[in-house]
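Chemist: Would you mind keeping the following structure in view while I ask a few things?
We did not get these values from a lab; they are worked out from the coordinates using the rules stated. Since the model is a prediction, treat every value here as computed from it, not as a measurement. Neighbour counts are summed over all protein chains in view; Cβ atoms, including those assigned to glycine, are modelled from backbone coordinates with ideal geometry.
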Amino acid sequence: MIGIMGLIRTESASATCVAGSLAPDNLPGMAIAADGGTVIFRIEGIALRSVTATVDDYLMNLAMAEEVCSLCRAGGLNDMTHLAG
């Protein structure tokens with residue numbers, strides 16, 4: 001079987017917060033780290049459909065973590081109702 005490997009690097013003003021928020025969701029074959037102002041996501045898998053679904057989930061969670069960490073940095077989490085959608 002052929003393995004699939006990928007790397008996504010995302011610039012972030014809150015890279016440590018974002019990576020820390022996403023790390024608990026790591027499954028085998030996934031790794032998330034912060035390097036300065038960059039969030040680094042590595043993924044390995046065998047099934048393309050599974051890897052694609054995982055990347056899709058990661059990108060959605062990344063956007064949410066980025067928003068929450070940004071609000072924390074700005075001190076604006078007193079009213080979180082706008083995060084509910």
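Chemist: Where the only charges are on Cβ atoms (+1 Lys, Arg; -1 Asp, Glu), what is the dipole of the chain about its Cα centre, to the nearest 20 debye?
Modeler: Around 160 debye, computed over the chain.
Chemist: If a cysteine in the chain has no other Cys Cβ under 4.7 Å from its own Cβ, put it on the list, ordered by number.
Modeler: CYS72
Chemist: Please tell me the relative contact order of the stretch 1-66 in percent, rounded to the nearest whole number, where contacts are Cα pairs under 8 Å and at least six residues apart.
Modeler: Relative contact order of the stretch 1-66: 39 percent.
Chemist: Tell me what the chain gives for mean residue ellipticity at 222 nm when only DSSP H runs of n ≥ 4 count, each as -39,500 (n - 2.57), the sum divided by the residue total, rounded to 500 deg cm²/dmol.
Modeler: -14000 deg cm²/dmol
Chemist: Now a separate question. Of the options THR52, MET5, VAL39, report the single residue whose Cα projects farthest towards the positive end of the charge dipole of the chain (beta-carbon charges: Lys, Arg +1; Asp, Glu -1).
Modeler: The Cα lying farthest towards the positive end belongs to MET5.
Chemist: Please list 47-55, 14-22 highest first by mean number of surrounding beta-carbon atoms within 10 Å per residue.
Modeler: In decreasing order of mean packing, 47-55, 14-22 become 14-22, 47-55.
Chemist: Using only Cα atoms, tell me the angle between helix 48-74 and the longest principal axis of the chain; keep it within 0 to 90° and round to the nearest 10.
Modeler: Computed tilt is about 20 degrees.
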